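Have a look at the structure below, then the notes.
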Amino acid sequence: MKDRAARHRGFTLVELLVVIGIIAVLISILMPALSRARESAQTIKCLSNLRQIGMAVAAYAADNKGYMIPCGWNPPAEPAGAPSDALSNFWPNILVDYNYLQAPNAFNTEPQMNSAFACPSGVFELSSPDLSNLGNLPATRLDQTGAEAYRYYSNNTGFAVDCWYGMNAESATSSANVDQYHGYPGRRIAAGTTKGLMPMSTYRRSADLVLFFDGTIYNLTTNGNRINARHGRYTQTNIEFLDGHAETYPTASLPGGMGLQGGTVSGAAFSVANLNANDPSPPGLIWQLDQ
(Lines give C-alpha, C1' and ligand atoms only; values in the text may rest on other atoms or scores of the structure.)
Protein backbone atom coordinates (compact mmCIF):
# COMPACT_ATOMS: atom_id res chain seq x y z
CA MET A 1 0.00 0.00 0.00
CA LYS A 2 2.81 2.39 0.85
CA ASP A 3 4.51 1.80 -2.53
CA ARG A 4 1.25 2.38 -4.40
CA ALA A 5 0.65 5.68 -2.58
CA ALA A 6 4.18 6.80 -3.38
CA ARG A 7 3.64 6.09 -7.05
CA HIS A 8 0.52 8.29 -7.17
CA ARG A 9 1.68 11.29 -5.20
CA GLY A 10 1.40 14.74 -6.92
CA PHE A 11 4.10 17.21 -7.84
CA THR A 12 5.86 18.95 -5.02
CA LEU A 13 5.91 22.75 -5.02
CA VAL A 14 9.60 22.72 -5.93
CA GLU A 15 9.00 20.41 -8.90
CA LEU A 16 6.10 22.60 -10.09
CA LEU A 17 8.24 25.73 -9.86
CA VAL A 18 11.01 24.01 -11.83
CA VAL A 19 8.56 23.09 -14.60
CA ILE A 20 7.16 26.64 -14.69
CA GLY A 21 10.71 28.00 -14.82
CA ILE A 22 11.60 25.73 -17.76
CA ILE A 23 8.46 26.80 -19.62
CA ALA A 24 9.27 30.47 -18.99
CA VAL A 25 12.80 29.99 -20.35
CA LEU A 26 11.47 28.24 -23.45
CA ILE A 27 8.97 31.05 -24.05
CA SER A 28 11.69 33.68 -23.67
CA ILE A 29 13.76 31.81 -26.26
CA LEU A 30 10.89 31.26 -28.69
CA MET A 31 9.20 34.68 -28.53
CA PRO A 32 11.97 36.61 -30.35
CA ALA A 33 12.08 33.93 -33.04
CA LEU A 34 8.29 34.06 -33.43
CA SER A 35 8.40 37.85 -33.56
CA ARG A 36 11.06 37.76 -36.27
CA ALA A 37 9.05 35.19 -38.24
CA ARG A 38 5.92 37.36 -38.00
CA GLU A 39 7.87 40.44 -39.06
CA SER A 40 9.41 38.57 -41.97
CA ALA A 41 5.96 37.38 -43.08
CA GLN A 42 4.65 40.95 -42.98
CA THR A 43 7.58 42.17 -45.07
CA ILE A 44 6.95 39.44 -47.65
CA LYS A 45 3.21 40.26 -47.74
CA CYS A 46 4.05 43.93 -48.25
CA LEU A 47 6.38 43.07 -51.16
CA SER A 48 3.56 41.00 -52.66
CA ASN A 49 1.20 43.98 -52.36
CA LEU A 50 3.66 46.23 -54.15
CA ARG A 51 4.10 43.69 -56.95
CA GLN A 52 0.31 43.51 -57.35
CA ILE A 53 0.17 47.27 -57.63
CA GLY A 54 2.98 47.18 -60.20
CA MET A 55 1.11 44.58 -62.28
CA ALA A 56 -2.06 46.68 -62.10
CA VAL A 57 -0.16 49.74 -63.31
CA ALA A 58 1.26 47.71 -66.22
CA ALA A 59 -2.27 46.54 -67.10
CA TYR A 60 -3.50 50.14 -67.00
CA ALA A 61 -0.69 51.15 -69.37
CA ALA A 62 -1.53 48.29 -71.75
CA ASP A 63 -5.11 49.57 -71.97
CA ASN A 64 -4.09 53.23 -72.37
CA LYS A 65 -1.66 53.30 -75.29
CA GLY A 66 1.23 52.44 -73.01
CA TYR A 67 0.98 55.60 -70.90
CA MET A 68 2.06 55.63 -67.28
CA ILE A 69 -0.81 55.93 -64.82
CA PRO A 70 -1.14 59.53 -63.56
CA CYS A 71 -0.29 60.23 -59.94
CA GLY A 72 -3.60 62.05 -60.06
CA TRP A 73 -5.98 64.04 -62.22
CA ASN A 74 -6.79 67.64 -61.46
CA PRO A 75 -10.38 68.78 -61.99
CA PRO A 76 -11.02 69.17 -65.72
CA ALA A 77 -9.20 72.17 -67.12
CA GLU A 78 -8.15 71.02 -70.57
CA PRO A 79 -9.50 70.19 -72.98
CA ALA A 80 -12.85 71.89 -72.43
CA GLY A 81 -15.72 69.48 -71.91
CA ALA A 82 -13.61 66.66 -70.48
CA PRO A 83 -15.72 63.55 -69.87
CA SER A 84 -17.03 62.94 -66.36
CA ASP A 85 -14.97 59.76 -65.98
CA ALA A 86 -11.85 61.97 -66.03
CA LEU A 87 -12.68 63.20 -62.56
CA SER A 88 -11.02 60.36 -60.61
CA ASN A 89 -8.48 61.92 -58.31
CA PHE A 90 -5.43 59.76 -57.60
CA TRP A 91 -3.80 56.53 -58.72
CA PRO A 92 -5.48 54.23 -56.12
CA ASN A 93 -8.90 55.53 -57.24
CA ILE A 94 -8.01 55.02 -60.89
CA LEU A 95 -6.92 51.42 -60.31
CA VAL A 96 -10.05 50.61 -58.31
CA ASP A 97 -12.56 52.61 -60.39
CA TYR A 98 -11.44 50.83 -63.55
CA ASN A 99 -11.16 47.37 -61.93
CA TYR A 100 -7.40 46.88 -62.10
CA LEU A 101 -7.40 46.21 -58.32
CA GLN A 102 -10.08 45.52 -55.73
CA ALA A 103 -10.51 47.35 -52.43
CA PRO A 104 -13.33 47.81 -49.92
CA ASN A 105 -15.08 51.16 -49.95
CA ALA A 106 -13.58 53.12 -47.04
CA PHE A 107 -16.08 55.97 -47.17
CA ASN A 108 -17.20 56.80 -43.60
CA THR A 109 -15.54 53.72 -42.10
CA GLU A 110 -12.51 52.76 -40.07
CA PRO A 111 -9.29 52.21 -42.10
CA GLN A 112 -9.76 49.34 -44.54
CA MET A 113 -6.77 46.97 -44.73
CA ASN A 114 -8.23 44.18 -46.86
CA SER A 115 -6.55 45.16 -50.12
CA ALA A 116 -3.19 45.35 -51.89
CA PHE A 117 -3.02 49.02 -50.84
CA ALA A 118 -2.62 48.04 -47.17
CA CYS A 119 0.85 47.41 -45.76
CA PRO A 120 0.55 44.78 -42.99
CA SER A 121 3.18 46.68 -41.00
CA GLY A 122 1.33 49.97 -41.36
CA VAL A 123 -0.48 51.77 -38.54
CA PHE A 124 -4.22 51.17 -38.39
CA GLU A 125 -5.12 54.85 -38.38
CA LEU A 126 -5.86 57.59 -40.90
CA SER A 127 -3.44 60.45 -41.39
CA SER A 128 -4.64 64.02 -41.60
CA PRO A 129 -6.45 64.81 -44.86
CA ASP A 130 -4.31 67.96 -45.00
CA LEU A 131 -1.03 66.03 -45.00
CA SER A 132 -0.26 67.11 -48.58
CA ASN A 133 -0.13 70.72 -47.37
CA LEU A 134 2.02 70.09 -44.30
CA GLY A 135 5.68 69.98 -45.28
CA ASN A 136 6.78 69.17 -41.71
CA LEU A 137 4.86 65.89 -41.52
CA PRO A 138 6.01 63.19 -41.18
CA ALA A 139 8.76 64.61 -38.97
CA THR A 140 11.12 61.63 -39.41
CA ARG A 141 11.09 58.31 -41.21
CA LEU A 142 10.04 56.67 -37.96
CA ASP A 143 7.10 59.05 -37.54
CA GLN A 144 3.79 57.20 -37.18
CA THR A 145 2.21 59.66 -39.61
CA GLY A 146 4.21 58.11 -42.43
CA ALA A 147 2.92 54.63 -41.54
CA GLU A 148 -0.76 55.61 -41.40
CA ALA A 149 -3.28 55.27 -44.21
CA TYR A 150 -4.03 58.17 -46.51
CA ARG A 151 -7.61 58.15 -47.78
CA TYR A 152 -8.20 58.95 -51.45
CA TYR A 153 -11.69 59.89 -52.60
CA SER A 154 -12.97 59.35 -56.13
CA ASN A 155 -14.99 62.22 -57.57
CA ASN A 156 -16.05 59.77 -60.25
CA THR A 157 -17.70 57.06 -58.13
CA GLY A 158 -17.72 58.41 -54.58
CA PHE A 159 -15.57 55.40 -53.65
CA ALA A 160 -12.82 55.92 -51.06
CA VAL A 161 -9.57 53.92 -50.99
CA ASP A 162 -7.22 53.71 -47.99
CA CYS A 163 -3.60 53.43 -49.06
CA TRP A 164 -0.42 52.86 -47.03
CA TYR A 165 1.99 53.42 -49.97
CA GLY A 166 3.45 56.48 -51.60
CA MET A 167 4.14 57.10 -55.27
CA ASN A 168 7.41 58.49 -56.57
CA ALA A 169 5.61 61.39 -58.16
CA GLU A 170 5.17 65.15 -58.21
CA SER A 171 2.11 67.34 -58.38
CA ALA A 172 3.78 70.44 -59.84
CA THR A 173 2.70 71.65 -63.25
CA SER A 174 5.99 73.30 -64.20
CA SER A 175 7.53 72.83 -67.63
CA ALA A 176 9.88 70.24 -66.12
CA ASN A 177 6.83 68.20 -65.24
CA VAL A 178 5.88 67.77 -68.89
CA ASP A 179 9.41 67.50 -70.26
CA GLN A 180 10.48 64.01 -71.28
CA TYR A 181 13.16 62.48 -69.04
CA HIS A 182 12.83 65.21 -66.41
CA GLY A 183 11.26 65.02 -63.00
CA TYR A 184 9.63 62.01 -61.38
CA PRO A 185 8.02 59.04 -63.12
CA GLY A 186 4.60 59.85 -61.65
CA ARG A 187 2.92 63.13 -62.57
CA ARG A 188 -0.31 64.85 -61.61
CA ILE A 189 -1.97 66.11 -64.77
CA ALA A 190 -5.07 67.89 -66.00
CA ALA A 191 -8.07 65.62 -66.48
CA GLY A 192 -8.98 64.59 -69.98
CA THR A 193 -5.44 64.80 -71.34
CA THR A 194 -2.21 62.82 -71.34
CA LYS A 195 -0.04 65.95 -71.39
CA GLY A 196 2.83 65.34 -68.99
CA LEU A 197 2.62 61.55 -69.23
CA MET A 198 5.01 59.29 -71.13
CA PRO A 199 4.61 55.76 -72.46
CA MET A 200 6.17 53.37 -69.96
CA SER A 201 8.32 51.94 -72.73
CA THR A 202 10.17 55.26 -73.04
CA TYR A 203 11.34 55.29 -69.42
CA ARG A 204 14.97 54.30 -69.13
CA ARG A 205 16.33 51.78 -66.61
CA SER A 206 12.90 50.50 -65.58
CA ALA A 207 14.43 47.93 -63.22
CA ASP A 208 16.14 50.72 -61.25
CA LEU A 209 13.49 53.46 -61.28
CA VAL A 210 11.50 53.74 -58.03
CA LEU A 211 7.73 53.88 -58.58
CA PHE A 212 6.08 53.06 -55.20
CA PHE A 213 7.41 52.86 -51.64
CA ASP A 214 6.45 52.30 -48.01
CA GLY A 215 5.24 55.75 -47.08
CA THR A 216 2.65 58.32 -47.90
CA ILE A 217 1.32 60.35 -50.81
CA TYR A 218 4.02 61.88 -53.12
CA ASN A 219 6.19 65.02 -53.54
CA LEU A 220 9.40 63.88 -51.87
CA THR A 221 10.87 67.26 -52.81
CA THR A 222 8.46 68.75 -50.26
CA ASN A 223 9.38 66.29 -47.52
CA GLY A 224 11.73 63.34 -47.88
CA ASN A 225 10.31 61.81 -44.70
CA ARG A 226 7.30 60.63 -46.65
CA ILE A 227 9.37 57.49 -47.08
CA ASN A 228 8.71 55.33 -44.01
CA ALA A 229 10.83 52.79 -42.12
CA ARG A 230 8.31 50.13 -41.13
CA HIS A 231 10.00 46.75 -41.60
CA GLY A 232 12.97 45.00 -40.00
CA ARG A 233 12.23 46.51 -36.59
CA TYR A 234 11.75 49.93 -38.17
CA THR A 235 14.99 49.91 -40.14
CA GLN A 236 13.82 48.84 -43.62
CA THR A 237 11.66 50.16 -46.45
CA ASN A 238 10.04 48.19 -49.27
CA ILE A 239 10.26 49.67 -52.76
CA GLU A 240 8.54 48.72 -56.03
CA PHE A 241 10.20 49.51 -59.35
CA LEU A 242 8.86 50.44 -62.75
CA ASP A 243 9.49 46.95 -64.15
CA GLY A 244 7.18 45.48 -61.48
CA HIS A 245 9.64 43.87 -59.07
CA ALA A 246 9.92 44.89 -55.40
CA GLU A 247 12.81 44.78 -52.93
CA THR A 248 13.59 45.59 -49.30
CA TYR A 249 16.22 48.24 -48.55
CA PRO A 250 17.81 49.56 -45.36
CA THR A 251 16.09 52.90 -44.87
CA ALA A 252 19.37 54.47 -43.79
CA SER A 253 20.77 53.73 -47.26
CA LEU A 254 18.14 55.87 -49.00
CA PRO A 255 18.57 59.60 -49.72
CA GLY A 256 18.26 61.42 -46.40
CA GLY A 257 18.94 58.28 -44.33
CA MET A 258 16.65 57.81 -41.34
CA GLY A 259 15.70 61.47 -41.13
CA LEU A 260 16.67 61.67 -37.48
CA GLN A 261 19.52 64.19 -37.50
CA GLY A 262 17.97 67.62 -37.41
CA GLY A 263 14.52 66.05 -37.25
CA THR A 264 13.64 66.17 -40.95
CA VAL A 265 14.84 65.21 -44.39
CA SER A 266 14.81 68.22 -46.66
CA GLY A 267 13.34 67.88 -50.11
CA ALA A 268 16.78 68.88 -51.37
CA ALA A 269 17.85 65.30 -50.66
CA PHE A 270 15.90 64.40 -53.80
CA SER A 271 17.15 67.14 -56.07
CA VAL A 272 18.84 65.86 -59.23
CA ALA A 273 22.11 67.51 -58.22
CA ASN A 274 22.13 65.80 -54.83
CA LEU A 275 21.01 62.47 -56.21
CA ASN A 276 23.78 62.52 -58.79
CA ALA A 277 26.52 63.83 -56.50
CA ASN A 278 25.72 62.56 -53.03
CA ASP A 279 23.12 59.86 -53.39
CA PRO A 280 23.80 57.19 -50.74
CA SER A 281 21.30 54.80 -52.32
CA PRO A 282 22.40 51.28 -53.24
CA PRO A 283 23.90 51.07 -56.73
CA GLY A 284 21.34 51.20 -59.51
CA LEU A 285 18.50 52.72 -57.49
CA ILE A 286 17.23 55.94 -59.11
CA TRP A 287 14.46 58.37 -58.22
CA GLN A 288 14.32 60.95 -60.99
CA LEU A 289 14.24 60.42 -64.74
CA ASP A 290 17.27 62.61 -65.38
CA GLN A 291 19.60 60.96 -62.90
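The values are calculated or read from the model by the stated rules, or taken from the named source; none is laboratory data. Just so it is clear, the model here is predicted, and its values are computed rather than measured. For neighbour counting, all protein chains shown are included, and Cβ atoms are generated from backbone atoms with ideal geometry for every residue, glycine included.
G81 - would you say it is within 16 Å of N156 (Cα to Cα), at pLDDT below 90, out of contact with any strand residue (DSSP E or B) (no Cβ under 6 Å at 6 or more places or on another chain) and assigned to a loop (DSSP other than H, G, I, E, B)? Answer is yes for this residue.
Of the residues A191, A273, A269, the single one that is surrounded by fewer than 21 Cβ atoms within 10 Å (Cβ to Cβ) and either at pLDDT below 90 or in contact with a Leu (Cβ under 7 Å, 6 or more places away or on another chain) (or both) is A273.
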